[in-house]
1. B:Lys282 is checked against (1) in a loop (DSSP other than H, G, I, E, B); (2) under 30 Å from B:Thr130 (Cβ atoms); (3) without any contact (Cβ under 8 Å) to a residue 12 or more places away in the chain and fails just one. What number does that condition carry?
2. Given the conditions (1) facing chain B (nearest Cβ under 7 Å); (2) open to solvent by 10 Å² or more (accessible area, probe 1.4 Å); (3) more than 30 Å from B:Glu444 (Cβ to Cβ), and given that A:Leu134 satisfies all but one, which numbered condition is not satisfied?
3. Can you name the number of the only condition in (1) touching a helix residue (DSSP H, G or I) at 6+ places or on another chain (Cβ under 7 Å); (2) more than 26 Å from A:Leu136 (Cβ to Cβ); (3) among the acidic types (Asp, Glu) that B:Glu202 fails?
4. Go through the stretch B:1-21 and give me each residue that's open to solvent by less than 20 Å² (accessible area, probe 1.4 Å), in contact (Cβ under 8 Å) with a residue 60 or more places away in the chain and either within 14 Å of chain A (Cβ to nearest Cβ) or under 13 Å from B:Val75 (Cα atoms) (or both).
5. Could you list, in sequence order, all residues of the stretch A:80-122 that are exposed (fewer than 14 other Cβ atoms within 10 Å of the Cβ), of a type in the set (A, V, I, L, M, F, W, C) and outside any helix (DSSP H, G or I)?
6. Could you please tell me which pairs satisfy a Cβ distance under 7 Å, a separation of 6+ or placement on different chains, a first residue in the stretch A:25-53 that is under 21 Å from A:His141 (Cα atoms), and a second residue that is acidic (Asp, Glu)?
7. Answer yes or no as to whether B:Phe385 is within 25 Å of B:Phe241 (Cα to Cα), in a strand (DSSP E or B), among the aromatic types (Phe, Trp, Tyr) and assigned by TED's automatic domain parsing to the domain that holds B:Lys290.
8. What about A:Ala203, is it open to solvent by less than 10 Å² (accessible area, probe 1.4 Å), farther than 21 Å from B:Phe465 by Cα and facing another protein chain (nearest Cβ under 7 Å)?
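The values are calculated or read from the model by the stated rules, or taken from the named source; none is laboratory data. Note that the structure is predicted; figures quoted are calculated from it, not measured. Every residue, glycine among them, receives a Cβ derived from its backbone with ideal geometry; neighbour counts consider all protein chains shown. Side chains included, ligands, DNA and RNA excluded: accessible areas come from the protein's heavy atoms. Shrake-Rupley method; radii C 1.70, N 1.55, O 1.52, S 1.80 Å.
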2 protein chains.
Amino acid sequence: MVITIKDIYQQVEKFSKLEKIKVGGWVKSVRVGKEKIFITLNDGSTLDNLQIIAERESSPSGLLEKVNFSSCLLVSGRLLFTPQRSQPFELVVLGSDLEIINSTADDYPLQKKNIPLNVVRESPHLRAKTNYFLVLFRLRHSISKAIHDFFHREGFYYVPTPIITNNDAEGAGEAFNVTTDKKEPFFSKPANLTVSGQLHAEALAQGLGKVYTFGPCFRAEKSHTTRHLAEFWMVETEMTFADLETIINLAEKMIKYVVNYVLDNNIAELEFLENYDKENKKEIINKLKKIVDSKFKRVDYTQVLEILKERKEIFVFNDIKWGVDLQSEHEKYLCEHFDNNPVFITNYPADLKAFYMKGGILPEVKDRVLSEVKNNPDKKMAVCFDLLFPEIGELIGGSLREDNYQTLQEKAKQKSLNIDNLSWYFDLRKYGYAPSGGFGLGLERLIMFISGAENIRDTLAFPRFNGKLEF
Amino acid sequence: MVITIKDIYQQVEKFSKLEKIKVGGWVKSVRVGKEKIFITLNDGSTLDNLQIIAERESSPSGLLEKVNFSSCLLVSGRLLFTPQRSQPFELVVLGSDLEIINSTADDYPLQKKNIPLNVVRESPHLRAKTNYFLVLFRLRHSISKAIHDFFHREGFYYVPTPIITNNDAEGAGEAFNVTTDKKEPFFSKPANLTVSGQLHAEALAQGLGKVYTFGPCFRAEKSHTTRHLAEFWMVETEMTFADLETIINLAEKMIKYVVNYVLDNNIAELEFLENYDKENKKEIINKLKKIVDSKFKRVDYTQVLEILKERKEIFVFNDIKWGVDLQSEHEKYLCEHFDNNPVFITNYPADLKAFYMKGGILPEVKDRVLSEVKNNPDKKMAVCFDLLFPEIGELIGGSLREDNYQTLQEKAKQKSLNIDNLSWYFDLRKYGYAPSGGFGLGLERLIMFISGAENIRDTLAFPRFNGKLEF
């Protein structure tokens, strides 16, 4: 029975009492002394390595030639406390208990330590052999676990929404088509990959009350930014009988829960990332602690315009008037303006947002003079929010959903959507529709923020984007 | 603040002390008395309903016409204990505190109670409005949560494997193509939907040690059985330094963990399903308890043949000899033969299995005279297993993976796979490859078994299969 290095660190007392323990992993470094061989081993279970000390004399012949960087070893030995050394304990093995499972061939692309990220990125199948990606993947695990735990605790049901669909949700992103090689179509209708599970999640919330999704979404957009993927994971949540404030509070509570979870479980990973670039150290742990302690700012779109107008001169896009969409430069400035806190922006102009958003003006916005909307606020403004985060921009978007059958249909028509494909979605409003709202979170963007990763493509092993398809 | 009926049942003491509580949900039944209106309300949070008692006199005019089956209500009232009645408590409301949010239109397809399943199936978007599907969806939630919890506790990392890929894994299933409307291809290579995340999970296990996936897979198979979907969710796990026994034990432990979780958290749902078909009651809870208490049987393929040969006459396919694949009738008989216990079958002929499986003969099989394989067991037999379950057949398939670069490549060639597309996968064997193995579980099949659902299409809201595409 092979045990993990994480287990050893967590139960070192127990394992130090055993005659022998067995560990398998990959060689991070080898040093050959006169009588002894010193090997640093890692097995992926934790960032911590295990120091192996082997007798040179008793080692199998040819062993030293085979033990190279990243080769795979299986060793049995006794755990020995070494309080006087840099590592708290070592595994002392007889050389004959050291078995080379597989050496690393000469053409291994990641021979050197501290290999630049752009080289590792070229070998997605080997990403998990580098500390940087191991750390990001372990963070991704924690973030995912925390999200499931959070929604479960809050009484939300995890639902699968379909990946293959004949809806393209917002009509916003370009959708991938799904076909087969056969002449006869596989499905009864043209099929595409989902761009959002929201509409389907809404149908489920009309029976389950509170639901969330956790699954892949797809956009065939030819963007080559550091913040977009063609295949990404979304967490979408939908709940009945909630007002916008409740949904906004849920989003804030979720983010804080996840960040707290990471701070509780992944300090080693965060410290690694802070010091990864020796010449450009990052402050991640304090940044995350600040998130947990802060109250996220809440402003509405109309207020935002006032704030932006005051510094008009610093923007490239400076035609700031009611109805314009916010640009990245504006979003960035806003977070800075609020002391690098996350900012909820509410009540955008309806024209900037998806057809399914409920129209209306929030009480706090109502009092202000808004010539553009005062005659017909329900049509002109959407009861919605975006959550902007420092570093990454939009992290979450949410809204109440239009509950009126006629209005909803009209809005869809105005956006030139395929009305026939959406009739089932409109129909929900006819059959005991409960007022409903929710939000969508781009999982990889949250991972970016928490890890400080500069490229969204680094948040998973096999990123999908325009112009390439590896494995 | 609207609270859920589940919350009320869980903290009834607390809520009974409040002046008023607010609840929203859907009408399951209405009864009008002389002075009072009795409404049964459900909000999806639990199978339990809330009994609402309203004063008829103070109700808004026209109310009774609007409150119909499945209409949506919002009510505020006081919780009153009623130990003398069938329900433990009631919500007593002033009629004016009863608000109809949305009636059900006359064309509602699920007007009647106890509507047959084949009618509900025609309206996927309304499935969550029926108790049967609500129960299945809540079970699915619990099963999913338990799987994540289990792997997390066992030290496995949750990894995303790509949905869009240019591999088709086993070359077994027919894969869907992914394209765009544009002339220029979006990706650099032909793209298809994943049929299994295993190969990618293997790459990740070569750094993380123990990983699992939880995501959608796709097969463009034109099968119309009750056990196949074109889009289904798989849980695939991969671990380094494990032998087949360890992997088999992990599978058994996982199933038992999940079943225990459901027994602990969903007894009401299970009881509902036991009694759903009044004329054909099912035994589900005892069946599940038996799973938890039993030791799953372990036999090898060669033994299985002996067992089948003894009852040769009962099979349609009765040419039972070494090398033939097991048919459903055989699998069904085997579970029955072992007193309806789950059965692990190990060491199948390699020709019946995927190219990536490690060749070899298990020690317990070795002793038997097997003229077919004795000369070259490593090529003729696969170190693999299938887990057969009563009612549903194959639930899990697993194996050790071929670790030899040359052998693996040869095997892929023999199966006529695209060698170039797989070179990255072969290469894993050259760079410090740790022996690895794992298994794949079809999530919907597990839900079928646990719920007793007779059709896999009922385990999720929007099933995808040949010939249809709804929403």
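1. All conditions pass for B:Lys282, except number (3).
2. Condition not satisfied by A:Leu134: (2).
3. Of everything listed in (1) touching a helix residue (DSSP H, G or I) at 6+ places or on another chain (Cβ under 7 Å); (2) more than 26 Å from A:Leu136 (Cβ to Cβ); (3) among the acidic types (Asp, Glu), B:Glu202 misses just condition (2).
4. B:Ile8, B:Ile21
5. Once the filter is applied, which keeps residues that are exposed (fewer than 14 other Cβ atoms within 10 Å of the Cβ), of a type in the set (A, V, I, L, M, F, W, C) and outside any helix (DSSP H, G or I), the stretch A:80-122 yields A:Leu80, A:Phe81.
6. From the stretch A:25-53, the pairs are A:Gly25/A:Asp43; A:Leu47/A:Glu269.
7. Yes: the conditions hold for B:Phe385.
8. On the way: open to solvent by less than 10 Å² (accessible area, probe 1.4 Å): yes; farther than 21 Å from B:Phe465 by Cα: no; facing another protein chain (nearest Cβ under 7 Å): yes.
No: the conditions fail for A:Ala203.
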